[in-house]
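The values are calculated or read from the model by the stated rules, or taken from the named source; none is laboratory data. Everything numeric here is computed off the predicted structure, so don't read it as measured data. Cβ sites come from the backbone with ideal geometry, for glycine too, and all protein chains shown count toward neighbours. The area values use the complete protein model at the heavy-atom level, side chains included, leaving out ligands, DNA and RNA. Shrake-Rupley method; radii C 1.70, N 1.55, O 1.52, S 1.80 Å.
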Amino acid sequence: MSETTNTNEEKKPSLNGRRALPPSNSNDEENEVPEMEAFGLIPRGFNPKDYLRVVNVHMFKEPHEINKQQHHTDKYYSPKLIVRRGQPFQIQIDFNRPYKPETDQFWLEYLIGRYPQQNKGTYIPVLVGDVLKPGEWGAQITHKENNSIRLSIMSSATCIVGKFRLYVAIWTPFGILRTPRNSTTDTYILFNPWCQQDAVYLDDEKEREEYVLNDVGVVFHGHINDIKLRSWSYGQFEENILDACLFLMDKAELELSGRGNPVKICRVASAVINSRDDNGVLAGSWDNTYTYGVAPSAWTGSVDILLEYYSSKQPVRYGQCWVFAGVFNTFLRCLGIPARLVTNYYSAHDNNANLQLDFFLDDEGKLDTKLTKDSVWNYHCWNEAWMTRPDLPVGFGGWQVVDGTPQETSDGMYRCGPASVQAIKHGHVCFQFDAPFVYAEVNGDIVYSRREKNGTQVIEKIDTTHIGQLIVTKEIGGDGMMEITEEYKFQEGSEEERLALETAVMYGVKKQTTQDNTYQPQTDVDMDFQVQKAVLGSDFKVTITFRNKSHNYYTATTYLSGNIVFYTGVTKNEFKKHSFSAKLEPSSSRTFDVVIKSSEYLSELLDQASFHFFVTARINETGKILALQKATVLEIPTLRIKTQGEMVAGKEMSVTVEFTNPLKQTLENVTLRLEGPGVLRTMKKEFRQIPMNSTLIWEVKCIPKRPGLRKLIASLNCDVLRHVYGELNVQIQKP
């Protein structure tokens, strides 16, 4: 096959001395395949028309036909045949005369890329035989009628995932005759979680429906004591999304022969999802300025992002962790790899991988922002992909962490994973890829240390339970929350947890030991504080409680610092400072209220309405310090979505989005977005102004494409108000 004549010589890539062929890493490029491949000199009387000739090939590629039904690919909005590997599919070949097996000989050829080679799996000749072997390439005639034959074709359960070109080849004594290039017979082959021999096999039908076939998901965000959720449209079946996902592998220059391996695909995809170092899909921005782009909170799904990247080939602006994770999830589900989006509350970004987040206090007990480099994200989203790990010892297959958010480099690029969740739980962080970083995200300790006037560092407090308190994902078959913390870690404080930590340390996760003599906390006074739940734009209070368990009188010099933070835990500025002295009677409790006025925070507010409060108290009699930090999120108003009239596939329907401005100011340059997979393509509308307390109403007409339970998702965005969402489940009837 590789000897084919190359007509455009000047376009040939330069070869180096090590390879006979250039690297084959584009699914998009093709070679020219000769329609007549002569064995030698052709005699004068030879007429190809005397031999068996293919008149037509039927692919049975309509959504209601057998192939897409049996292969669970009927939802893909694509006119071409899409099948899953390791499972038989049907085609029909019409010849110019009845097929005679005694004398006629034909076979099928599947080709991918520009330099098809049999040993690379990029040129696949499929011969017709008597039986189909499970999980191996083969074809079998199931039906003969007049000039037509029906074939059942089995693909290998490990074959390359991508778009193949199909040729039918017929043997004649003088050479091979082939069907001309015909793009309508192109066949997409995807991963197959329904096939036991496939590396992504998942044995539970409910899980396959959720993690492969569900095109809408839920992102959990907000804060551990105030969990917020919003829907995200993955849209993996929408028009051109499959091609866009295959393009990502071309962009990452993943060799075609490696595209049957989900471990390799996840590794390169986690790099190409972000734009750092490879001009990938999404540019991240965490600084609250989103000029010349879309604010991360405005996106309602992955489709717009992937299609914009596929057409412009330039990074799309802007993403934050849940946007990277949403797009990554679309990519994985689209190719057939079971995937879910996961949120870790209080996620450590430990920039020196010592399993310890160092918070430095100055001599008054205030946080020293210049020295403190580590940060605790209110939450961080990543993905889990399901696959076997033949590259690791037995027992580390199953869910793997993959993360497309650019945090730290791995092997020189911004990428993370796949890291086995099981290995992280047991502390076996020696197994590739990036397990130590993920281990620290869910297991770090927070160490508060204070610099004395003479320069010595004194450890004031160690908090071993703050990080990775709650890890969640969407429940199967519903919009609720499923806790998966115990998949990542043993019970806090248990013997197994200590053992896993010692294992991780043994495998080289650095953990600095803290000398016992320097760290003796004040044990006879407890301090805690609570932040009142509040709606954006209203006043609220912080209540600080001291409990003196000793028989001594104490006075505590107390300092409250209120900070506006990015959800990554990075402080923008301090908007509230409040100091007071607390007199603590023996064996008693006292509470103190600090009022936070809306005028103090509104002008400074960021995207996610996140606050971070530090309370530090010095017990004057002993010189010991009590320190505590908590994050909180304001309640953000929501959008209301309504529908009018009947909702039938193929008929026009009407959708209304309503919003009331709750702030004591006019909102300017407001953008609304509305989308719903299978119901309507993303629509956008701009509003110049929404005065305070006034209500905006936007009506949209659309024609739903598919019947069934669908979801409408809307977002509102402007400079002072972001993360405003609304959603509605709609039942679209069959016509």
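The ratio of the alpha-carbon radius of gyration of segment 640-732 to the globular-protein estimate 2.2 N^0.38 Å is 1.13. Label sites at residue 463 and residue 695, each approximated as a point 7 angstrom past Cα along Cα to Cβ, lie 4.2 nm apart.
Here the 3J(HN,Hα) profile of segment 450-458, calculated from phi with Karplus coefficients 6.51, -1.76 and 1.60 at θ = phi - 60°, is 10, 8, 6, 4, 7, x, 6, 8, 10 Hz, Gly and Pro shown as x.
Of the residues 592, 344, 582, the one whose Cα sits farthest towards the positive end of the charge dipole of the chain is 344 (charges of +1 on Lys and Arg Cβ, -1 on Asp and Glu Cβ, taken about the Cα centre). Extents of segment 586-679, taken as max minus min of Cα coordinates on every principal axis and listed largest first, are 77, 29, 21 Å. Dimensions of segment 257-302 based on its C-alpha atoms, expressed as ranges along the principal axes with the largest first, amount to 41, 24, 14 Å.
Once the 1.4 Å probe is applied to the protein heavy atoms, the chain comes out at 42 Å² accessible per residue. Peptides 79-88, 646-655 ranked from most to least packed, by the mean per-residue count of other Cβ atoms within 10 Å: 79-88, 646-655.
With axes computed from alpha carbons, what is the tilt in degrees of helix 241-251 against the longest principal axis of the chain, rounded to the nearest 10 within 0 to 90? Approximately 80 degrees, to the nearest ten.
Computed over segment 212-507, relative contact order equals 18 percent, with contacts defined as Cα pairs under 8 Å that lie 6+ residues apart. Normalised by the number of residues in the chain, the average gap of Cα pairs under 8 Å and 6 or more apart makes the relative contact order 9 percent.
If the Kirkwood radius is taken over C-alpha pairs of segment 87-135, then at 4 °C and 1.567 mPa s the Stokes-Einstein diffusion coefficient equals 97 µm²/s.
Around the amide H of residue 730, modelled in the peptide plane, lie the amide H atoms of 710, 711, 712, all under 5 Å away and 5 or more residues distant in sequence or on another chain. Across segment 640-732, Cα pairs under 8 Å and at least six residues apart give a relative contact order of 34 percent. Near residue 219, once Lys and Arg are set to +1 and Asp and Glu to -1 for all other residues with Cβ below 10 Å from its Cβ, the sum equals +3. Taking Cα centre as origin and charging only the Cβ of basic (Lys, Arg, +1) and acidic (Asp, Glu, -1) residues, the dipole magnitude of segment 640-732 rounds to 260 debye.
Placing +1 on the Cβ of every Lys and Arg and -1 on the Cβ of every Asp and Glu, with no other charges, gives segment 525-633 a dipole of roughly 200 debye about its Cα centre.
Here the convex hull built on the C-alpha positions of segment 36-190 has a volume of 121 cubic angstrom per residue.
Which order do the peptides 132-138, 580-586 take when ranked by the mean count of other beta-carbon atoms within 10 Å per residue, highest first?
Going by the mean number of other Cβ atoms within 10 Å, highest first, we get 132-138, 580-586.
In whole Å, what three semi-axes, largest first, describe the equivalent ellipsoid of segment 539-604 built from its Cα gyration tensor (square root of 5 times each eigenvalue)?
They are 30, 12, 10 Å, listed largest first.
Using only alpha-carbon positions in segment 210-287, the gyration tensor eigenvalues give semi-axes of 27, 18, 12 Å once each is multiplied by 5 and square-rooted (largest first). Segment residue 498..residue 56, full-extension length gain: 152.4 nm, with 0.36 nm per residue of separation and the alpha-carbon distance subtracted.
Pairs of Lys residues in segment 212-507, spaced 8 or more positions apart or belonging to different chains, with C-alpha separations under 21 angstrom: 12 in total. In this label model, residue 207 and residue 491 are separated by 2.5 nm, measuring between points 7 Å along each Cα→Cβ vector. Net charge near residue 299: determine it from the other residues with C-beta under 12 Å of the C-beta of residue 299, scoring Lys and Arg +1 and Asp and Glu -1. Summing Lys and Arg as +1 and Asp and Glu as -1 gives +2.
When Rg is the radius of gyration of the Cα atoms in segment 212-507 and Rh is its Kirkwood radius, what does Rg/Rh come to? Here the Rg-to-Rh quotient is 0.98. I want to make sure I understand the PRE zone here: with the label point 7 angstrom from the Cα of residue 65 toward its beta carbon, which residues in segment 178-207 have backbone N atoms less than 16 Å away? Under cut-off, by backbone N: 182-189. Subtracting the Cα-Cα distance of residue 642 and residue 373 from 0.36 nm times their residue separation leaves 92.2 nm of extension gain. Note that segment 417-424 has calculated 3J(HN,Hα) couplings of x, x, 10, 5, 4, 4, 5, 5 Hz, one per residue in order, obtained from phi through the Karplus relation 6.51 cos²θ - 1.76 cosθ + 1.60 (θ = phi - 60°); glycine and proline are x. Angle of helix 262-272 to the longest C-alpha principal axis of the chain, folded into 0 to 90 degrees and rounded to 10: 60°. The candidates 603, 694, arranged from most to least accessible area with a 1.4 Å probe in the full protein assembly, appear as 603, 694. Shown for the chain: the carbon plus sulfur share of the solvent-accessible area, taken with all protein chains present and a 1.4 angstrom probe, equals 49%. Sorting 327-333, 525-531 by their mean Cβ neighbour count within 10 Å, with the most densely packed peptide first, gives 327-333, 525-531.
Could you list the square roots of 5 times each eigenvalue of the Cα gyration tensor of segment 202-351, that is, the equivalent ellipsoid semi-axes, sorted largest first and rounded to whole Å?
Taking √(5λ) for each eigenvalue gives 23, 21, 15 Å, largest first.
Antiparallel beta bridges, as assigned by DSSP with both residues in the chain, represent about 90 percent of the total such bridges. Sorted from greatest to least, the principal axis extents spanned by the alpha carbons of the chain come out as 114, 62, 48 Å. Only lysine pairs 8 or more places apart, or on different chains, with alpha-carbon atoms under 27 angstrom apart are counted in segment 640-732, and they number 21. At residue 143 and residue 312, where each label point lies 7 Å from the Cα along Cα→Cβ, what is the point-to-point distance in nanometres? So the label points at residue 143 and residue 312 sit 4.9 nm apart. For the Cα atoms of the chain, what angle does the longest principal axis make with the long axis of helix 495-506, in degrees from 0 to 90, nearest 10? The two axes meet at around 70 degrees. Other residues within the sphere of radius under 14 Å centred on the Cβ of residue 312, judged by their own Cβ, net out at +1 (K and R +1, D and E -1). Here the sum of -39500 (n - 2.57) over DSSP H runs of 4 or more residues, divided by the residues of the chain, equals -3500 deg cm²/dmol at 222 nm, to the nearest 500.
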